[in-house]
Amino acid sequence: MKYEAIVIGASSGGLNALTFLFSALPPGFSIPIIVVQHVGSRSDSQWIDLLNDKSKLHIKEADEKEKIEPGHTYIAPPNYHLLVEKDKTFSLAASERVNFARPSIDVLFESAAEAYKDKLIGIILTGSNADGTAGMQKVKACGGLAIVQDPETAESPLMPASVIANTAIDYVLPLENIINLLLKLY
Amino acid sequence: MEYKDTSDIEISLLLDAVYKKYGYDFRQYSEAHIRRRIMNRLTLSGLGSISQMQDFVLHDKSFASLLIQDLSITVTEMFRDPDFYKALREKVIPVLKTYPFIKIWHAGCSTGEEAYSMAIILREEGLYERTTIYATDFNQQALNKAKEGIFPAGLMKEYTLNYQLSGGKESFAGYYTSSYDMAIINQALKKNIVWANHNLVTDSVFAEVHLVLCRNVLIYFERSLQNKVQKLFYDSLTNGGVLCLGSKESLRFSDLQGEYAVLDQKRRIFKKKYE
Ligand SMILES: C[S@@+](CC[C@H](N)C(=O)[O-])C[C@H]1O[C@@H](n2cnc3c(N)ncnc32)[C@H](O)[C@@H]1O
C-alpha cells in the first residue's frame, strides 16, 4: 500500500461532508484518517460520537501521545491544535490560533507532511476561509497526494477554491468521486 | 547510504546551542511543535537556514531571547475550562478547608490568569487569608506581566462568561478596576501570591504544598520528561495533597500513576495516596 495516512481539513459545511464520507467508507478501510473540522472553542465532542455511530470505521477524538493505528479515524479536539510526530504519535498544543482557527488545518497538514512525506494524502473539503492552503502546499512539497473537493459541489466553496488557486492539485472532485478514488488507492 | 533529514540535525543542534549557552532545555519537548515555532521564527527573521539561526542564537542575545519566547507558549485565560474550576470548587476546596494553613503551587503560571482565578475562588470560599499561592514559570517576561496583573479590558467579557460557567456567583467586575482599555486586578487578590522563576526541567522541588496545578504545560513535553516532572510534583505534595493537570493531560505516562487516587477523571484531578 503506497499511502500510510490521510489528513482531512473541513470548515463550514464540514459536518455534512464528513458524515457523507464516513458513511460510505467500508469497514476494512485501513489507512488511518486524521481530521481537523473547525468548531467553536466551547463546543463539546458529541458530534464525534454521532459521526462514529454513522460510520463503519472506528472514529475517536485524538489523545495526546496516542499512537496512530490503521483502521482508525482521529479527530482534533476543540480548542487544541493537533500535530503528528515523526514517530507517528499525536501531540496537542494550546498555542495561538492559526488562520483564526484552533485546531488549524495548516498545523495538522504541515506536521503530517513532515512525518509521512510522500506517503500522505491531503484532502480539503468545504469551508469559507483559507486555512489549509499552506498545509496543502507543504503536503505537495513533501511528495504527497493532494485532493480537493470541487468548489462547485461544496457547501462553502472558498476553502477548496483557495487551495486550488495556490497549489498544483492532483484531483479536484465531488465527494462521491473522492470516495471512489480512496477506495482505489487503498 | 541513507542520509538523515538535514532539518532534524539542525534543530537538534540549535536546541543544544540554546541549552549550552542559556541553560533553557527544550531538547525533550515534543518535536513537531518545536519545529513549527522554529520554522516560524526562521521565516520572520529572513535568514536562510536553521544553521544560520544557530549562529545568531549564539552571538546575539536579543535574538536568542526572541526564540526562547517563541518556544515557551504562554497562551492562557482566566477560568480556562470552566468545568475544571467547578470541579475544583466541589471536590478540592473541601479538602483544603481541613488545613489550618494552605500552600498552593501553580507550575507554569504564564501571565498569571490561572493564579488570579484561584485567588478569586479562595476568597469566595473564605480561604484566601490562610493561603500562600506560589506561582512559578521559567519565562521571566510572562512572570513580570503576571505580577502587574493588568489585562486587556477586551478580554473581560470572555473571562466573565468563564467565571459564571465555573459556578461563580459574585460580580466578576468587582475583582478588577477598569482604566481606559485595561483591567487591573485588585490588590487584595495579589497579596498572598508569591511569583518566582522556576524551571521544571532543570530546577528541583520548589516547596511542600497541598495542591499543585500544572495545566497545559506537560502536553509540550515528551513522555520521559513528563515522567520526570511528575516525580517533582509527587515529591512536592503532602500526603493527601491534590494534583490538577490540563484537560488533555493525564498520568498515563507517569510511573507514579498508582500513587494517586482519581478525584475527577474528566477534569484530571488526582489525590496523592498516604504513604
Ligand atoms: C500554555 S501556558 C499554561 C498557563 C496556565 N497554566 C494555563 O493552563 O492556562 C504554559 C506555560 O508553561 C511554561 N513552561 C514551559 N516549559 C516550562 C519549564 N520547563 N519550566 C517552567 N515553566 C515552563 C511556559 O513559559 C508557559 O508560560
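The values are calculated or read from the model by the stated rules, or taken from the named source; none is laboratory data. Just so it is clear, the model here is predicted, and its values are computed rather than measured. Methodologically, a virtual Cβ is constructed for each residue, glycine included, from the backbone with ideal geometry; neighbour enumeration extends over all protein chains shown.
Numerical summary
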quantity: Test set (1) under 18 Å from the mean Cα position of the chain (by Cα); (2) of a type outside the set (D, E, K, R); (3) closer than 14 Å to residue B:77 by Cβ - residue B:205 fails condition number; calculated: (3)
quantity: Failed criterion for residue B:224 (all others in (1) more than 14 Å from every other protein chain (Cβ to nearest Cβ); (2) within 16 Å of the ligand (Cβ to nearest atom); (3) in a helix (DSSP H, G or I); (4) among the small types (Gly, Ala, Ser) hold); calculated: (1)
quantity: Check on residue B:157, surrounded by fewer than 22 Cβ atoms within 10 Å (Cβ to Cβ) and touching a residue at least 24 places away in the same chain (Cβ under 8 Å); calculated: no
quantity: Within region B:94-107, tally of residues that are surrounded by 16 or more Cβ atoms within 10 Å (Cβ to Cβ) and either within 14 Å of chain A (Cβ to nearest Cβ) or away from the ligand (no atom under 16 Å from the Cβ) (or both); calculated: 5
quantity: Residue among A:12, A:43 that alone is touching a Ser or Thr at 6+ places or on another chain (Cβ under 6 Å) and outside any strand (DSSP E or B); calculated: A:12
quantity: Condition check for residue B:254: more than 11 Å from the ligand (Cβ to nearest atom), more than 16 Å from the chain's Cα centre (by Cα) and modelled with pLDDT under 95; calculated: yes
quantity: Count - residues of region B:204-213 that are in contact with an Asp or Glu (Cβ under 8 Å, 6 or more places away or on another chain) and assigned to a strand (DSSP E or B); calculated: 1
quantity: So residue B:263, is it of a type outside the set (Val, Ile, Thr) and closer than 15 Å to residue A:65 by Cβ; calculated: no
quantity: Flag if residue B:249 is farther than 18 Å from residue B:120 by Cα, within 14 Å of the ligand (Cβ to nearest atom) and modelled with pLDDT of 95 or more; calculated: yes
quantity: Hits in region B:70-85 (condition: within 14 Å of chain A (Cβ to nearest Cβ), touching a residue at least 40 places away in the same chain (Cβ under 8 Å) and more than 9 Å from the ligand (Cβ to nearest atom)); calculated: B:79, B:82, B:83, B:84
quantity: Test result for residue B:23, at positive phi, away from the ligand (no atom under 15 Å from the Cβ) and more than 12 Å from chain A (Cβ to nearest Cβ); calculated: no
quantity: Of all residues in region A:26-75 being within 14 Å of chain B (Cβ to nearest Cβ) and among the basic types (Lys, Arg), the one that is nearest to the chain's Cα centre (by Cα); calculated: A:60
quantity: Single residue of region B:230-260 satisfying the filter (part of a strand (DSSP E or B) and not polar (S, T, N, Q)) that is surrounded by the fewest Cβ atoms within 10 Å (Cβ to Cβ); calculated: B:240
quantity: Some residue of region B:228-240 being small (Gly, Ala, Ser) and within 16 Å of the ligand (Cβ to nearest atom); calculated: yes
quantity: Check on residue B:110, within 11 Å of the ligand (Cβ to nearest atom) and in a loop (DSSP other than H, G, I, E, B); calculated: yes
quantity: Selection count where residues are away from every other protein chain (no Cβ under 14 Å), free of Cβ contacts under 8 Å to residues at least 40 places away in the same chain, farther than 21 Å from residue B:219 by Cα and in contact with a Leu (Cβ under 6 Å, 6 or more places away or on another chain), scope region B:26-59; calculated: 1
quantity: Filter result for the condition that a residue is under 23 Å from the mean Cα position of the chain (by Cα), closer than 28 Å to residue A:66 by Cα and crowded, with 19+ Cβ neighbours inside 10 Å, over B:68, B:34; calculated: B:34
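Here's the yes/no breakdown for (1) closer than 22 Å to residue B:26 by Cβ; (2) exposed (fewer than 14 other Cβ atoms within 10 Å of the Cβ):
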{"residue": "B:203", "(1), (2)": "yes, yes"}
{"residue": "B:211", "(1), (2)": "no, no"}
{"residue": "B:216", "(1), (2)": "yes, no"}
{"residue": "B:219", "(1), (2)": "yes, no"}
{"residue": "B:228", "(1), (2)": "yes, no"}
{"residue": "B:262", "(1), (2)": "no, yes"}
{"residue": "B:267", "(1), (2)": "no, no"}
{"residue": "B:272", "(1), (2)": "no, no"}
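Residues checked against (1) crowded, with 20+ Cβ neighbours inside 10 Å; (2) more than 14 Å from chain B (Cβ to nearest Cβ); (3) within 16 Å of the ligand (Cβ to nearest atom); (4) over 12 Å from the mean Cα position of the chain (by Cα):
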residue: A:86; (1), (2), (3), (4): no, no, no, yes
residue: A:103; (1), (2), (3), (4): yes, no, yes, no
residue: A:118; (1), (2), (3), (4): no, no, no, yes
residue: A:121; (1), (2), (3), (4): yes, yes, no, no
residue: A:143; (1), (2), (3), (4): no, no, no, yes
residue: A:150; (1), (2), (3), (4): no, yes, no, yes
residue: A:162; (1), (2), (3), (4): yes, yes, no, yes
